[in-house]
Amino acid sequence: MTFRPKYITFDCYGTLTRFRMDDMARKMFADRVPADRMAQFLADFTAYRFDEVLGDWQPYDVVLKNAIRRLCRKWKLQYLDAEAQQYVDAVPTWGPHEDVPAGLARIANEIPLVILSNAMDSDIQKNVALLGAPFHRVYTAQQAQAYKPRLKAFEFMLDSLGCNPEDLLHVSSSLRYDLMSADDMGIVNKVFVNRGHGPGNPAYRYVEIKDIGGLPGVVGL
């Protein structure tokens, strides 16, 4: 029997919105980081961004600039605030992966769609407007005063929706930010969108799809 959730909840950046942080860093630092070391440079950038969201909430521009500052220190590069600001300014301009609008359109009239994003209120609505589907609710780290993967962010979403973990289907391209914490919260029904953002692990009990085009089939649509 196909599971029909009360809500489908989504990570936004990376899962729905094409997250271009690595593209920007690869281009910006091409003259300072050797090509054969760029993969490690980008991996370090990813790690510092993750580390910056694990503590008390702070605005996303602070998260991002701290991560870039730490990255530059490790790689013995000069940190330039004007460069870091370019990343901050770019985030709300990013549009969806090509598969997203059509995939969401097949579901949006049948099941309410919800976003839980590591975002600022001032940024996220610009990204959501580009997704091409109506969302029942859009929750941010700023509202929750916590970033994923902290459980506090998921608690905020569940409390705000007034539902239980078993009522949701949570969809993300990241185990580390989303699906591991969702599992800890008791959200049994999960979808891993394998966009190459990190390895999967079937121990976390998810359905794997390659893009949002596969999501309607998961809920029998």
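The values are calculated or read from the model by the stated rules, or taken from the named source; none is laboratory data. Worth saying up front: this structure is predicted, and the values here are computed from it rather than measured. Positions of Cβ are backbone-derived with ideal geometry, glycine not excepted, and every protein chain shown enters the neighbour counts.
Residues checked against (1) assigned to a helix (DSSP H, G or I); (2) at positive phi; (3) within 21 Å of the chain's Cα centre (by Cα):
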| position | (1), (2), (3) |
| --- | --- |
| Thr2 | no, no, no |
| Thr9 | no, no, yes |
| Phe19 | no, no, yes |
| Asp23 | yes, no, yes |
| Asp31 | no, no, no |
| Phe45 | yes, no, yes |
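Return the only residue of Phe154, Phe135 being more than 21 Å from Asp89 (Cβ to Cβ) and part of a loop (DSSP other than H, G, I, E, B).
Phe135
Please determine whether any residue of segment 51-60 is outside any loop (DSSP other than H, G, I, E, B) and out of contact with any helix residue (DSSP H, G or I) (no Cβ under 9 Å at 6 or more places or on another chain).
no
Considering only segment 86-123, state which residues are loosely packed, with under 15 Cβ neighbours inside 10 Å and either part of a loop (DSSP other than H, G, I, E, B) or touching a Leu at 6+ places or on another chain (Cβ under 7 Å) (or both).
Glu98, Asn109, Glu110
If I filter segment 38-85 down to residues being hydrophobic (A, V, I, L, M, F, W, C) and touching a residue at least 40 places away in the same chain (Cβ under 8 Å), which single residue comes out as surrounded by the fewest Cβ atoms within 10 Å (Cβ to Cβ)?
Top of the filtered list is Leu54.
Could you tell me whether Leu77 is outside any loop (DSSP other than H, G, I, E, B) and on the phi < 0 side of the Ramachandran plot?
No: the conditions fail for Leu77.
Which of (1) within 18 Å of the chain's Cα centre (by Cα); (2) under 21 Å from Val128 (Cα atoms); (3) surrounded by fewer than 19 Cβ atoms within 10 Å (Cβ to Cβ) is the odd one out, the single condition Gly14 does not satisfy?
Result: Gly14 fails condition (3) only.
Out of Thr46, Thr2, which single residue is within 30 Å of Ala102 (Cα to Cα), touching a helix residue (DSSP H, G or I) at 6+ places or on another chain (Cβ under 9 Å), modelled with pLDDT of 95 or more and not assigned by TED's automatic domain parsing to the domain that holds Gly198?
Thr46
May I ask you to verify whether Asp159 is buried (at least 20 other Cβ atoms within 10 Å of the Cβ), of a type in the set (D, E, K, R) and part of a helix (DSSP H, G or I)?
no
Does any residue in segment 183-203 that is more than 16 Å from Phe3 (Cα to Cα) and touching a residue at least 40 places away in the same chain (Cβ under 8 Å) come within less than 7 Å, Cβ to Cβ, of a residue that is in a strand (DSSP E or B) and aliphatic (A, V, I, L, M) six or more places away or on a different chain, and which pairs are these?
From segment 183-203, the pairs are Val193/Val171; Val193/Ile209.
Select, from Ile111, Ile115, the only residue that is of a type in the set (Val, Ile, Thr) and in contact with a Cys (Cβ under 6 Å, 6 or more places away or on another chain).
Ile115
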